[in-house]
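Worksheet: one structure, shown below.
Please treat every number below as a calculation from the coordinates, not as lab data. Just so you know, these numbers come straight off a predicted model, no measurement behind them. Backbone-built Cβ (ideal geometry, glycine too); neighbour counts: all protein chains shown.
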Amino acid sequence: MNNWQPSFVNSVDLTEHLKKSYFRYDDKEKQISKIVFDDFANLIWCGDTYGRVSSYDINSQLYTRCTSHIGAIPVNDILIRKEGIISLCDDSIHISNRRGVTISSITSMELSVLTGLKTMCFNSNDSQNSIYCAGNNTNTGIISIDLNKNCLSSMIDYNPKVKLLCTSNKIISIGKQSGSIDLLDPNSNHIIKSFAGHSATISAMDSRDYTLTTVGKSKRFNNTYADPFVNVYDLRIMRQLPPISFSKGTSMGSGGADFVRLHPVLPTIMTVASDQGSFDFVDLSNPILRTQYVHPCKSIKAMELSPNGDHIAFLNSDNTLNLWSRSGGSTNCTNKPEPLEYPEYINDGVNSGLTSIDNFDYPLSSVGMPYYNEKLLSAWPQVIFHSNGTIPKAIDSNSLQSPKVKNPTLNSRTSSTQTANSHLASKQYPLLRYNKSKYGHGNVAETYVSLSEIRKKQNTKSTFANKATTSGNGNGSQSDELSDILRVKPERDNEIPPAYTKLQLTHGKYGSDNFDFKAFNQTKYSGLDTDLDHPYINPIVQLYRFVPEIFNFIVGCLKYENFSPNSILTELGYLYDMMQRSEGRVCLTSNLQATLDIIEENNSFKSTGFTSSKQSKKSNIEINYQTINDTPMNKKTSVGSNENLMTSTIQNFNEFLLDHLMTDELQRNIHSITLEEAFGFHLETNISSSCLHYEKNTSIVPTLTVCSPIKNNLKHNVRKLNNQTILPYIESSMKRTALMQSTCEVCNKQELVEYESIIKNLPPVLSLNLLLSDFEWGIAKTVKDWLTLEFHATISKDKAVLKNHPGELKTSNPIFKYELSGYIARITDTNGESRLVTYSRAFDANSKRFKWYMFNDYLVVEVEEEEALNISYWWKTIETVIYCDSEEIRKPFLSVDSYPINYNILYRDHFANGIRKDVIKQYTLLNKDDDKDVPKPGTLVAIDAEFVVLNEEISEIDCKGNKTIIKPKKTALARVSILRGDEGDKFGEPFVDDYIVNNDRIENYVTKYSGIEPGDLDIKYSSKQLVNRNVTYRKIWLLMQMGCVFVGHGLNNDFKQININIPNNQIRDTSIYFLQGKRYLSLRYLAFAILDSNIQEGNHDSIEDAFTALVLYKKYLSLKENNTLNHVLDVIYEEGRITNFKVPELTR
């Protein structure tokens, strides 16, 4: 079966008719549930989940479509006969001709036994006058329907649930949902033979002549996997033949057989396929003879062979249909196709006279349609108008402008046009001004941008980066490509520079280890990986990373022990310490994310919006200020503003983070309020009324939401915003007044009260969330230097006063100078997609001046100050701004090494499930009284870590074989073992063997490779010495602090999963020492080849693996000292290629 190739006809979306606007908002599934070839015409029939049956010709053009079943229920099966089409759903059977005209229909209203139907077949291939139907209803069993009389013929008592039915000669094969197969004699309606089949379920079945083939799934390790074999049965002798293997099913759960079809012309040929797209043609008489193909797709849902065997139809997971054809084969689907029927039109001529519309005696059905000499567009082929309709593009809110407000930035021509057309505007429909900066000149066609080229450029970024790094600084086109990736200035109007694009991490054959992050970061500051569930974490982490007051305190807290499972202060301290030590290496925030997830599970916040008592506050009165729950006030109605703005997720997270950091500090009992003093705003709220029953309230809030002066003060005029910097916005937000209607709870008096919120202090760090409307941003972007680099402030007459120069502040109170530390900006594309980047200002000791850096996840680039302060771009909107005291921002960043650190956890146990006497320890704690047992700089420690899989990797492979990770595999630390490595009496003796508590759902324990059994990590049932993750993490972190040298195998992956960056001079990785070329050797094979030891015979054990790596390292030092290392490597690799680098079976 050679010379098969994909059809050149474009794939057709079979669910296009379900994507109409009136189907858009229902919750029903829109899928294709069944496809089948027509035995008598060149048609392919498709049934969908809305009860519709459609037919397409060989060129994928629609022929007919009709609603066969009422109620939007799926079409479960379709049968073809000469007279027409039979379709089956859960409660009805529909028979129609090929034009879609109904011949008959039987529903559950007529036959109550028609319930839970899933499959059907003819009583035999020769006679198609009756059908057998079955499904999930065990009470009705198998029913027989007489198609000539359209009535129930008989009922067969059959208890199991049926998934598939097929007929061949005089035997009906029944595929049960449990995976077994029964053979039914239609003459006697008795089961004559049963086969075990598959242990879990049956996936597909086909029967022709006296051959029956089935594929299915089996249960392994509490999961179901597609069987890698096809079961074959001889129906003449009623016996199962030897199963035939599927070429893509050689490994468990990876591409097993999911579909099978017998060739309609060649009786010994069958087609087997997997849902991943691979399919084989196999000769049943000689299974060695086979031809293999791969259908390029993400996955397939169904496969069908045409009646003449010259075409194969694949239904892809995205409901598109693709055909494969045999070269030199027939263009027809069947050997004797019948001509398709078309409706006949009666030429009744033009009416001789007009009939009055008021003539009720004239039937409306007699009114004819107008005649045309040309073909109407509605009759053209579907492929020409392949569109679901066009939805008008949303009008950019930046272009909205009130007709009563004249923008001074407009030129005279625009202003005159605005005035001339002002009578057309209304409050509900204001005039729209064209945004030239965003969309370009209105009379010039927009430059065509190919989406495929954009994707290609994004996917090849890492390729150019790797090439440039490999060749040094690069030259020619490679250097140009690399510099273009880091470009932050637009080269043409409306362009978003490449440095602001969404970074897509493409994994190759060896995962992300071969991804060159250095190409995206030429600075000494570390970027953050994109492997995270919460995209707003990275920008906030980078923003406060460069605030010395906050950084030094958070890192300094690591000197204390804190094993609370939800301490953001501790996790952020570890992250900042890692970023400081990494010096440009990419870092991960996975541990911080895990802590946030724990808090989310405790209902402390919701990641979708961080809902708390401070959320959903209206901008005109109480934006992000502490809610006054104890104020006797209800039914608050704002007066003077008709626009309510909501804080964004990044702004809510900013407030949440600072609030939790202050809470963590207070809970530590260290008698410190450093963070509260650093950025705590003292908020005082007053409500003025005639009854004087409202009380004054004070509170401390970590952030200030900055609004327009128009919303903060009703007397402020919009014209005053022109040529104003950010200072009036901040100053007015520190004293916000508004009027609202309120009813006193004491005297029940209803009146208009004045609500006033005042900030009474100026903390060293000002964390500001900007909340402006699109119109207000439009004005701000026209002001030069709107984002002030520095300003002076003071408290005068109980309110804050902010000026550019200290001479403008006429007061005897202290004057503070603030400088811009950084800000977070939202980058928005023309299609509405957005992402967050951070601009941070850091002091450079070499040049003795401040430099600006832009952080876009792991892309870090230095930017000029003028570019960093430029907010005029249409695609940039500021979310959060940090101003710092000029003295505070110049403080040095201190390392945790400068603090006295508590190392006690290395010398004691701290179990999460308490100390139990029945626990058998496999380790001996370090003895701090024994100087030889205390770790020192250079002390060797062997380490091995085991992990469990929480979520498997989700990836896609394109037609060229490039693998792109859509959602990376999510793992969790399960066990860590650390052994003594220095020579002595305790050489190789463990001093850490921690099992990590895990309360998440574990998808795969990978017991064979981790040694972790179900229940080992459950704190309720485990017999292991369980500890929390932060306990084990601190032990590893402390050993790194002490300067210990870690020995292990594949440590890069272990430390990445643990989320810690160990300096390279403290790592001794045996997988690299015994590397020749690019083929890494497993620890098991190295132990066999070098140490003549057989390890990992059963499940992996981390103590055994760590000890083996330690001995291998000692052997490496010996071979290197004797100058025999290269010779040993040559022998190992030469012998390994013979055995495929696997331990021979005889040694087991």
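Given an 8 Å cut-off on Cα distances and at least 6 residues of separation, report the relative contact order of the stretch 828-928 as a percent.
15 percent
Which entries in the list Lys518/Lys1078; Lys921/Lys1142; Lys711/Lys851; Lys502/Lys784; Lys489/Lys784; Lys921/Lys1115 go over 23 Å, if you measure between the two C-alpha atoms of each? Each step should come with its number before you reach the end.
On the way: Lys518/Lys1078 21 Å; Lys921/Lys1142 33 Å; Lys711/Lys851 35 Å; Lys502/Lys784 28 Å; Lys489/Lys784 18 Å; Lys921/Lys1115 29 Å.
Exceeds cut-off: Lys921/Lys1142; Lys711/Lys851; Lys502/Lys784; Lys921/Lys1115.
Which cross-chain or sequence-distant (5 or more) residues have an amide H under 5 Å from the amide H of Leu940, H modelled 1.01 Å from N in plane?
For Leu940, the qualifying residues are Gly981, Asp982, Val1045.
For the stretch 903-1139, give the share of DSSP beta bridges that are antiparallel, in percent and rounded to the nearest 5; count only bridges with both residues there.
Details: 21 of 29 bridges.
Bridges in the stretch 903-1139 that DSSP calls antiparallel: roughly 70 percent.
What are the aspartates and glutamates whose alpha-carbon lies under 12 Å from the alpha-carbon of Lys524, with same-chain residues fewer than 8 places away excluded?
The reachable aspartates and glutamates, counting only those whose Cα sits under 12 Å from Lys524, are Glu583, Asp844, Glu862.
Can you list the HN-Hα couplings for the stretch 100-106, worked out from phi with the Karplus curve (6.51, -1.76, 1.60; θ = phi - 60°), rounded to whole Hz and with x for Gly and Pro?
x, 7, 5, 8, 7, 8, 10
For a quick protection proxy, order the peptides 942-948, 705-711 by their average other-Cβ count within 10 Å, most packed first.
Numbers: 942-948: 25.9, 705-711: 24.0.
Per-residue mean Cβ counts within 10 Å order the peptides as 942-948, 705-711.
For Thr939 and Lys30, what does the FRET efficiency come to when R0 = 51 Å and r is the distance between their Cβ atoms, rounded to the nearest 0.05?
Step by step, r from the Cβ atoms, then E = 0.25.
Write out the trypsin sites (Lys or Arg not before Pro) in the stretch 1044-1136 meeting two conditions: DSSP loop, and at most 12 other Cβ atoms within 10 Å of their Cβ. Spell out each step's value before the answer.
Values: sites: Lys1056, Arg1068, Lys1078, Arg1079, Arg1084, Lys1114, Lys1115, Lys1120; in loops: Lys1078.
Counting only loop positions with at most 12 other Cβ atoms within 10 Å, the trypsin sites (Lys or Arg not before Pro) in the stretch 1044-1136 are Lys1078.
Could you work out the local net charge near Leu305, counting Lys and Arg as +1, Asp and Glu as -1, over the other residues with Cβ closer than 14 Å to its Cβ?
On the way: positive: Arg208, Arg261, Arg326; negative: Asp38, Asp39, Asp206, Asp280, Glu304, Asp310.
The answer is -3.
Out of the stretch 846-892, which trypsin sites (Lys or Arg not before Pro) are coil in DSSP terms and have no more than 12 other C-beta atoms within 10 Å?
On the way: sites: Lys848, Arg849, Lys851, Lys876, Arg890; in loops: Lys848.
Counting only loop positions with at most 12 other Cβ atoms within 10 Å, the trypsin sites (Lys or Arg not before Pro) in the stretch 846-892 are Lys848.
So what is the relative contact order of the stretch 903-1139, in percent, for Cα pairs below 8 Å that sit 6 or more residues apart? Mind showing how you got there, number by number?
Numbers: 391 pairs, mean separation 50.8, N = 237.
Relative contact order for the stretch 903-1139 comes out at 21 percent.
Considering every pair of different Cα atoms, what Kirkwood radius, in Å, is found for the stretch 107-181? Provide the component values of the computation, followed by the final result.
On the way: mean 1/r = 0.0804 Å⁻¹.
The answer is 12.4 Å.
Peptides 159-166, 646-653: what's the order by average Cβ count within 10 Å, highest mean first? If you can, show how the numbers build up before the last one.
Details: 159-166: 18.9, 646-653: 20.9.
Packing order, densest peptide first, comes out as 646-653, 159-166.
Show the residues, 5+ positions off or on another chain, whose built amide H is closer than 5 Å to the amide H of Lys118.
Ala134, Gly135, Asn136
Given an 8 Å cut-off on Cα distances and at least 6 residues of separation, report the relative contact order of the stretch 652-796 as a percent.
Relative contact order here is 28 percent.
When the Karplus curve 6.51 cos²θ - 1.76 cosθ + 1.60 is applied with θ = phi - 60°, which whole-Hz ³J(HN,Hα) does each residue of the stretch 935-944 get, with x for Gly and Pro?
Per residue, the Karplus-derived 3J(HN,Hα) values read x, 9, x, x, 5, 7, 9, 8, 9, 8 Hz.
Computed from the mean reciprocal separation of all distinct C-alpha pairs, what Kirkwood hydrodynamic radius does the stretch 903-1139 have, in Å? Don't jump to the answer; show the numbers that get you there.
Details: mean 1/r = 0.0521 Å⁻¹.
Hydrodynamic radius (Kirkwood, Cα only) of the stretch 903-1139 equals 19.2 Å.
Along the stretch 487-502, what does the Karplus equation 6.51 cos²θ - 1.76 cosθ + 1.60 (θ = phi - 60°) give for ³J(HN,Hα), rounded to whole Hz, x for Gly and Pro?
Whole-Hz 3J(HN,Hα) from phi for the stretch 487-502: 6, 10, 9, x, 9, 8, 4, 6, 7, 9, x, x, 5, 9, 6, 6.
Given all pairs of different Cα atoms, what value in angstroms does the Kirkwood hydrodynamic radius of the stretch 762-917 take?
Kirkwood hydrodynamic radius for the stretch 762-917: 19.1 Å.
Over the stretch 1-156, what lengths in whole Å, largest first, do the semi-axes of the equivalent ellipsoid take, defined as the square roots of 5 times the eigenvalues of the alpha-carbon gyration tensor? Intermediate results must be reported in sequence, preceding the final value.
Values: eigenvalues 147, 84, 39 Å².
They are 27, 20, 14 Å, listed from largest to smallest.
Ordered by packing density, taken as the mean number of other Cβ atoms within 10 Å over each peptide's residues, highest first, how do 120-128, 730-738, 674-682 rank? Present the calculation step by step, with values, prior to reporting the outcome.
Details: 120-128: 17.4, 730-738: 22.1, 674-682: 19.2.
The densest-packed peptide leads the list: 730-738, 674-682, 120-128.
Sticking with the crude label model, points 7 Å out along Cα→Cβ, report the distance from Met109 to Ile954 in nm, one decimal please.
Here the answer is 4.1 nm between the modelled labels.
Collect residues whose amide H, placed 1.01 Å from N in the peptide plane, falls under 5 Å from the amide H of Gln522; neighbours closer than 5 in sequence don't count.
Excluding prolines and chain starts, which carry no amide H, the hits are Val860.
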